[in-house]
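The values are calculated or read from the model by the stated rules, or taken from the named source; none is laboratory data. If you're wondering where the values come from, they're calculated on a predicted model, not measured in any experiment. Cβ atoms come from the backbone with ideal geometry, glycine included; neighbour counts cover every protein chain shown.
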Amino acid sequence: EVQLVQSGAEVKKPGESLKISCKGSGYRFSTSWIGWVRQMPGKGLEWMGIIYPGDSDTKYSPSFQGQVTISADESINTAYLQWSSLKASDTAMYYCARRPAVTGTFDSWGQGTLVTVSS
Amino acid sequence: DIQMTQSPSTLSASVGDRVTITCRASQSISSWLAWYQQKPGKAPKLLIYQASSLESGVPSRFSGSGSETEFPLTINSLQPDDFATYYCQQYNSYPWTFGQGTKVEIK
């Protein structure tokens, strides 16, 4: 069974750094893209970017380029989303999701990581 | 970026109704269109990919169609479990983009 398990909720102050994780299991991690999606409170889904763990090829949405960094460590089947300096507007739920070749889009999702940024 | 527009934004319906949600793309995306269902506090769930392919395990009352710029999602005989928010998403080109969502409410 394919599973994506995300790290737990975080409460941070503006200006702090943060790295959240997404661990895949039940499939060959290095050969499926992993993407990140933001959902601000009460709002819709926003595609942030995607990484291919096998070679770390990464694509970002222009809206998030330079604001976050997506990375992956295929040796431990884990993808990451990180911020160097959080803002209050980064408060949101963040989902990771797998993109296999069969569907071409996100077929399995993590449970979400709630990030709260408040002074 | 390709803009995805869903209509309506909210839909009120009764159990047993047939409902249709439409997604329009600002330019042609061929058939690279997916539909997701999201319930409060839960992650989205893939229903349809490549415009009309039903994801494994998804009930057959869900169906998708369309190509290029217009894509309907139809739910035949709405069930209590179907009251949720639905999102379309294009994956024709980066950045992938989602529609704003359609909330299906109980009438």
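So the values come out like this:
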read-out: Residue list for the stretch A:72-88, restricted to those being exposed (fewer than 15 other Cβ atoms within 10 Å of the Cβ) and either assigned to a loop (DSSP other than H, G, I, E, B) or without any contact (Cβ under 8 Å) to a residue 24 or more places away in the chain (or both); value: A:D73, A:S75, A:S84, A:S85, A:K87
read-out: Qualifying residue in the stretch A:79-90 (condition: at pLDDT 95 or above and within 11 Å of chain B (Cβ to nearest Cβ)); value: no
read-out: Meets criteria (touching a helix residue (DSSP H, G or I) at 6+ places or on another chain (Cβ under 9 Å), surrounded by fewer than 16 Cβ atoms within 10 Å (Cβ to Cβ) and in contact (Cβ under 8 Å) with a residue 24 or more places away in the chain) for A:S118; value: yes
read-out: Of all residues in the stretch B:36-47 being within 10 Å of chain A (Cβ to nearest Cβ) and not in a loop (DSSP other than H, G, I, E, B), the one that is surrounded by the most Cβ atoms within 10 Å (Cβ to Cβ); value: B:Y36
read-out: Enumeration of residues in the stretch A:91-108 that are assigned to a strand (DSSP E or B) and of a type in the set (F, W, Y); value: A:Y94, A:Y95
read-out: The stretch A:91-108, subset modelled with pLDDT under 95 and farther than 15 Å from B:Q89 by Cα, residue surrounded by the fewest Cβ atoms within 10 Å (Cβ to Cβ); value: A:A101
read-out: Every residue from the stretch B:68-107 that is away from chain A (no Cβ under 14 Å) and within 10 Å of the chain's Cα centre (by Cα); value: B:P72, B:L73, B:T74, B:I75
read-out: Given (1) assigned to a loop (DSSP other than H, G, I, E, B); (2) crowded, with 20+ Cβ neighbours inside 10 Å, number of the condition A:Q111 does not satisfy; value: (2)
read-out: Scan of the stretch A:14-56 for residues that are charged (D, E, K, R) and facing chain B (nearest Cβ under 10 Å), ordered by number; value: A:K43, A:E46
read-out: Identity of the residue in the stretch B:48-62, surrounded by 18 or more Cβ atoms within 10 Å (Cβ to Cβ) and outside any loop (DSSP other than H, G, I, E, B), that ends up farthest from the other protein chains (Cβ to nearest Cβ); value: B:F62
